[in-house]
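What follows is one structure encoded as structure tokens, with my remarks underneath.
Nothing in this text is a laboratory measurement; each read-out follows from the coordinates by a stated rule. The structure displayed is predicted, hence computed values, not measured ones. Reconstructed Cβ throughout: ideal geometry from the backbone, glycine too, with neighbour counts over all protein chains shown.
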Amino acid sequence: ETEAAPVPRVAVVVCLMKGKTVLLGRRRSSLGDSTFSLPGGHLEFGESFEECAAREVKEETGLEIKNIELVTVRNSVFLDEAKPCQYVGIFMRAVLADDDQVPQNVEPNFCDGWDWYEWDALPKPLFWPLENAILAGFNPFHT
Ligand code: 8DG
Ligand code: MG
Ligand code: MG
């Protein structure tokens, strides 16, 4: 059986900021299983980055967000995976539309649950494209 050749895909990820903290969830996925990552997912046809950010955050956490802005773009190539893949990662930042909202684990098959973590004390291990972005200077609080 032959599979279609892999192609790069566009992913929008969202650094949702509350005070000095950001929202992270532990992944349940063949890619980066058990690592902490931002809410986010694949850009759908016709969407703006901001629309995708709001939709993915809503789908995964139930939260409504505002002040959605582009922070940086990263190219992440996963050649060592069983299914090699490549993501152009669009890193956005945003804040809660209403500070009283509490994240819900809407997709428990893909995430152990969401929580707020101090930017200066992030949990380990981070999903490696997020880790790499931070090592390269990604900081949603300094833009
Ligand atoms: P979808 O079906 O909802 O569209 O996608 P998903 O199931 O939510 O996809 P995902 O794995 O959460 O995100 C898509 C890709 O985005 C992921 O496989 C790799 C890339 N990505 C990064 N950094 C991050 C990050 O910090 N969090 C998430 N969730 N994805 C990231 O490059
Ligand atoms: Mg996701
Ligand atoms: Mg998703």
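Direction-averaged projected area, Cα convex hull, the stretch 48-90: 3.9 nm², rounded to one decimal.
Note that the stretch 115-123 has calculated 3J(HN,Hα) couplings of 8, 8, 10, 4, 4, 7, 9, 6, x Hz, one per residue in order, obtained from phi through the Karplus relation 6.51 cos²θ - 1.76 cosθ + 1.60 (θ = phi - 60°); glycine and proline are x. About its Cα centre, the dipole of the stretch 14-65 is roughly 420 debye, where the only charges are +1 on Lys and Arg Cβ and -1 on Asp and Glu Cβ. Taking the DSSP bridge list for the stretch 1-100 and keeping only pairs wholly inside it, about 65 percent are antiparallel.
Counting lysine pairs in the chain whose alpha carbons fall under 25 angstrom apart, excluding pairs fewer than 8 residues apart on the same chain, gives 9. In the chain, a dipole from Cβ-located charges (positive for Lys and Arg, negative for Asp and Glu) runs towards its positive end, and of C111, P39, T72 it is T72 whose Cα lies farthest in that direction.
Spatially, the stretch 16-61 and the stretch 108-136 are offset by 11 Å when compared through their Cα centroids. Computed over the chain with a Gaussian network model linking Cα atoms closer than 10 Å, the most mobile of P103, P84, P129 is P84. Within the chain, the longest run free of chymotrypsin sites (Phe, Trp or Tyr not before Pro) that sit in a DSSP loop with at most 15 other Cβ atoms within 10 Å is 46-109. Scanning the chain for GluC sites (Glu not before Pro) in DSSP loops with at most 14 neighbouring Cβ atoms within 10 Å leaves 82-143 as the longest stretch between them.
Each helix, a run of at least 4 DSSP H residues, gives -39500 (n - 2.57); summed and divided by the residues of the chain, these come to -4500 deg cm²/dmol at 222 nm. Using the empirical formula 2.2 N^0.38 Å as the baseline, the Cα radius of gyration of the stretch 32-143 reaches a ratio of 1.07. Taking the Cα centre of the chain as origin and assigning +1 to Lys and Arg Cβ atoms and -1 to Asp and Glu Cβ atoms, the resulting dipole is close to 340 debye.
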